[in-house]
1. What about LYS61, is it surrounded by fewer than 16 Cβ atoms within 10 Å (Cβ to Cβ), over 23 Å from GLN195 (Cα atoms) and at pLDDT below 95?
2. Return a yes/no flag: does the range 133-142 have any residue that is under 24 Å from LEU29 (Cβ atoms), in a helix (DSSP H, G or I), modelled with pLDDT of 95 or more and in contact with a helix residue (DSSP H, G or I) (Cβ under 6 Å, 6 or more places away or on another chain).
3. Restricting attention to the range 73-89, does a residue exist that is more than 30 Å from ALA174 (Cα to Cα), aromatic (Phe, Trp, Tyr), in contact (Cβ under 8 Å) with a residue 24 or more places away in the chain and surrounded by 15 or more Cβ atoms within 10 Å (Cβ to Cβ)?
4. Could you look through the range 165-181, keep only residues that are assigned to a helix (DSSP H, G or I) and under 16 Å from THR114 (Cα atoms), and pick out the one that is modelled with the lowest pLDDT?
5. Do you know which of the residues in the range 105-130 that are modelled with pLDDT of 95 or more and charged (D, E, K, R) is farthest from LEU27 (Cα to Cα)?
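The values are calculated or read from the model by the stated rules, or taken from the named source; none is laboratory data. This one's a predicted model, so the numbers in the text were calculated from it and none came from an experiment. Because the Cβ atoms are built from the backbone with ideal geometry, glycine has one as well, and the counts that use them run over all protein chains shown.
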Amino acid sequence: MAADLSNLNLELAQNMESLTEQIQEVLSLIFKGFYKGQLKFIEEAKQKTKEIDTLLGKVQKFVTTDPSLKTEEIASAASILSNYQKIVFDLEKLSQQTETKNKEGILFTEKAVTELEELFRGIRNLFLHLNDIVLTRNAVLVDYVLKEKKRYKQLARQFAVEHEERLIKGICLARSSSIYLYMMDALEDILWHLQAIIDELKE
């Protein structure tokens, strides 16, 4: 059953908006650290990810203790927060892989960097639209975001297959390929959880 956020406590809606904004910021920091090869951006991303985790704990406590929430609202909110938590795990994976890449001085081809940039930027934009969905549950916007999510998921699969082919041909090194594919997997996972959140929000 979809969560009718218009009937939920304003604090919950505001915290969901804050979670989404912080996820956008962490995605930007991780790619900046990846692109520039600078660990300071990854350290900042890791710190902000911890802040997201702390906020999630606060919101989860609110959901389970607020007497004004109905049983079905609690269930939907809990499902949404569970998917936010899984996104946090994926952000941690992305930070870890980028940190390894930077510390070991691992180089990526221009094509691999361009592919990752396209996905990071696209997914970040989808989270921007998620906040609008939280506020309006606009059916047209929901349809657009889900179509874009599907497109980016297909792109991630395509990029991964093409990358494996480049590895076989010796164009890419095994170490960089391992990191690339781990990152692609985490980005795909984020897309999956984004859809799960939207499925709970839409009517």
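1. Numbers: surrounded by fewer than 16 Cβ atoms within 10 Å (Cβ to Cβ): yes; over 23 Å from GLN195 (Cα atoms): yes; at pLDDT below 95: yes.
When the stated conditions are applied, LYS61 passes them.
2. Within the range 133-142, none of the residues are under 24 Å from LEU29 (Cβ atoms), in a helix (DSSP H, G or I), modelled with pLDDT of 95 or more and in contact with a helix residue (DSSP H, G or I) (Cβ under 6 Å, 6 or more places away or on another chain).
3. To start, the set of residues in the range 73-89 that are more than 30 Å from ALA174 (Cα to Cα) comprises 73-85.
Subsequent filtering for residues that are aromatic (Phe, Trp, Tyr) retains 84.
Now drop any that are not in contact (Cβ under 8 Å) with a residue 24 or more places away in the chain, which leaves 84.
From what's left, surrounded by 15 or more Cβ atoms within 10 Å (Cβ to Cβ): 84.
Yes - at least one qualifying residue is present in the range 73-89.
4. Start the filter on the range 165-181 by keeping residues that are assigned to a helix (DSSP H, G or I), which leaves 165-168, 174-181.
From what's left, under 16 Å from THR114 (Cα atoms): 166, 176-177, 179-181.
Working: ARG166: 84, SER176: 91, SER177: 92, ILE179: 95, TYR180: 95, LEU181: 94.
So, considering only residues that are assigned to a helix (DSSP H, G or I) and under 16 Å from THR114 (Cα atoms), the one modelled with the lowest pLDDT is ARG166.
5. By that ranking, first place goes to GLU115.
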